[in-house]
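To start, the structure itself, in structure tokens.
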Amino acid sequence: MGQASNAVMESLKNKVVLITGSSIGIGREDAFRFSQAGCKVAITYYKDREDAEKTAKKCTDLGAADAFVFYLNVMDDTSIKTAVRQVADRYGKISILINNAGVIVWRRLEEQEFDDIASQIRTNLEGLIKVTKECLPFVQDTIINMASGAGLTGYADLTVYCATKWGVRGFTKSLAEELPKIKVYAVNPGAIATRMTDFRGMAPEKVAEVVFNLASGKYRLKSGSDVNVWDYVR
């Protein structure tokens, strides 16, 4: 490991990283990557507690200064407030917030039920905004919002999902204007091999590397920027 890499690892050591939806998929890989740098990792789950516990165990094995599991339903206001309070009580701060929790429904709009529409909007956009708002008193360094290539281009069968991700990007750019002392970014993956895509696409570890590099300051982008994963990973 070179001097630059050592400096990055040292700068992130003991940083508190809160990652929503981190029991599986991209969020889990984010947790693993930050654990390698000796961060304290707050792992949240909604339905996959067993997976979250396994993730926390591996984070500890990888070198996390601490790895703890918190229940979080981003569609429930009380759950959001409780989870953020628990994280703040345990760590006293949040260095890096990664809003990763998301859902997708692959159907034409005419075939979607109102519940399908509500779950995507409430999880991908409303929940993300509410989590961020609740975390603001504690966030010190960086907020990373997971948007999508579907927030740059419209796709048939993904009308609602696309709308939420366009919204995430708009929220990110506006929030960056409100928070001049915090770095705020929207990360846009393409098709990633997770449960959302039936495990077809780019390895989630590659997205996690982009997220890690972004949080560590490697890319030196203006706050509010879009970070298109395909521009950094082949």
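Given the condition closer than 17 Å to Val105 by Cα, surrounded by fewer than 20 Cβ atoms within 10 Å (Cβ to Cβ) and free of Cβ contacts under 8 Å to residues at least 60 places away in the same chain, answer yes or no: does some residue in the range 171-187 qualify?
Restricting attention to the range 171-187, the residues satisfying the condition of being closer than 17 Å to Val105 by Cα are none.
Within the range 171-187 (the criterion being closer than 17 Å to Val105 by Cα, surrounded by fewer than 20 Cβ atoms within 10 Å (Cβ to Cβ) and free of Cβ contacts under 8 Å to residues at least 60 places away in the same chain), the answer is no, since none of the residues qualifies.
When restricted to residues that are of a type outside the set (Asp, Glu), farther than 30 Å from Lys93 by Cα and not in a helix (DSSP H, G or I), the range 114-172 contains 6. Scanning the range 195-230 for residues that are at pLDDT 95 or above, part of a helix (DSSP H, G or I) and charged (D, E, K, R) yields a count of 3. Looking only at residues in the range 98-120 that are within 14 Å of Lys165 (Cβ to Cβ) and under 16 Å from the mean Cα position of the chain (by Cα), the one that is surrounded by the most Cβ atoms within 10 Å (Cβ to Cβ) is Asn99.
Yes or no: Leu128 under 17 Å from the mean Cα position of the chain (by Cα) and on the phi < 0 side of the Ramachandran plot? Reasoning before the result, please.
Working: under 17 Å from the mean Cα position of the chain (by Cα): yes; on the phi < 0 side of the Ramachandran plot: yes.
So Leu128 passes the test.
Sort out for me the helices (runs of 4 or more DSSP H) sitting completely within the range 18-98 that have 2 or more residues that are out of contact with any helix residue (DSSP H, G or I) (no Cβ under 8 Å at 6 or more places or on another chain). In the range 18-98, 49-62, 77-91 are the helices (runs of 4 or more DSSP H) which contain 2 or more residues that are out of contact with any helix residue (DSSP H, G or I) (no Cβ under 8 Å at 6 or more places or on another chain).
The values are calculated or read from the model by the stated rules, or taken from the named source; none is laboratory data. Just so it is clear, the model here is predicted, and its values are computed rather than measured. No Cβ is skipped: glycine too gets one built from the backbone with ideal geometry, and neighbour counts run over all protein chains shown.
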